[in-house]
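What follows is a short report on a single structure.
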Amino acid sequence: MAEMLVGNHKLVGLAIARNISDVVGVLLLYFFIARLKLNSWIKPTLMMMSKWWDYFKFIFPGGLALYLHFLYIECLMIFVGNLHNPSALSAHVSFVNVRPLLFAIPLGTAVSVTSFVG
């Protein structure tokens, strides 16, 4: 599908293919989680927000690094789109759609092992 969209619509097709894959991924994740029927929602209280600043100081560098990585990938898409080569653009779209698997599976394994071990 990405090859067809990029071949016909160039950079706009890249944006459409990327958005379709992101929406499909979020929907699949939502339906998978909804099937689990977890009762884990806890109502927020003021006590939960008391140590928020400590958490923010801890998580801000990681969030900034993640955002800069996202921005880097978006800039790469614009650069590849300006090459006027549909096959290079299609290859980049395919890589961007497969790229989360390269870190999501090892990250999920690391988080689950850490939670099981303690």
Ranked ARG18, ARG99, criterion: other C-beta atoms within 10 Å, fewest first: ARG99, ARG18
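What order do you get for SER94, SER87 when you list them from fewest to most C-beta neighbours inside 10 Å? Working shown, then result.
Numbers: SER94 15, SER87 11.
Taking fewest neighbouring Cβ atoms as first place, the list is SER87, SER94.
Quick note: the coordinates plus some simple rules give every number you see, no bench work behind them. This structure is a prediction, so every number in the text was calculated from the model and none was measured. Neighbour counts are summed over all protein chains in view; Cβ atoms, including those assigned to glycine, are modelled from backbone coordinates with ideal geometry.
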